[in-house]
Amino acid sequence: MAYSLTVDGKEEKDLTDGERLRRIFEHLEPKDLTEVMKVLIERFGNCETDDQPCATYGDYVDTYTWKV
């Protein structure tokens, strides 16, 4: 199976980390950056869930922490 990911004619695997980040983040609007941060925090952060449900709404609160 063939696989190729190119950015402006350059293979992704040949990009430096800085080039990868710049190419991705230069196209994001502030609201999009917030969504990206949420995904990263949920993926790489630590999650703690309250032991008791909220008295008002009955749901549990998840708290994510990601030390960067």
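The values are calculated or read from the model by the stated rules, or taken from the named source; none is laboratory data. Not measured: the values here are computed from a predicted model. Neighbour counts run over all protein chains shown; Cβ positions are idealised from the backbone, glycine included. Just the protein is used for accessible areas: all its heavy atoms, side chains included, with ligands, DNA and RNA removed. Shrake-Rupley method; radii C 1.70, N 1.55, O 1.52, S 1.80 Å.
Worth a mention:
- Residue by residue, the stretch 53-68 carries 3J(HN,Hα) couplings of x, 4, 5, 7, 10, x, 9, 9, 9, 9, 10, 9, 10, 9, 7, 10 Hz when phi is fed to the Karplus relation 6.51 cos²θ - 1.76 cosθ + 1.60 (θ = phi - 60°); x denotes Gly or Pro.
- Portion, in percent, of the accessible area of the chain that falls on carbon or sulfur, probe 1.4 Å: 54 percent
- Take the chain with all the other protein chains still there, run a 1.4 Å probe, and you get 92 Å² of accessible area per residue.
- Taking amide H as placed 1.01 Å from N in the peptide plane, the amide H of Val7 sits under 5 Å from that of Glu12, each at least 5 places away or on another chain.
- Lys, Arg +1 and Asp, Glu -1 on Cβ, resulting dipole of the chain about Cα centre, debye, nearest 20: 240 debye
- The smallest convex shape that holds all Cα atoms of the chain, its convex hull, gives 164 Å³ per residue.
- Karplus (6.51, -1.76, 1.60) ³J(HN,Hα), θ = phi - 60°, over the stretch 37-51, in Hz, Gly and Pro reported as x: 4, 4, 4, 5, 5, 5, 6, 10, x, 9, 10, 10, 10, 4, 6
- Where only DSSP H runs of four or more residues are counted, the chain gives -11000 deg cm²/dmol as its mean residue ellipticity at 222 nm, each run worth -39500 (n - 2.57).
- In the stretch 12-68, Cα pairs under 8 Å separated by at least six residues give a relative contact order of 26 percent.
- Within the straight-line cut-off of under 29 Å between alpha carbons, the lysines reachable from Lys67 are Lys13, Lys31, Lys38, sequence neighbours fewer than 8 places apart in one chain being disregarded.
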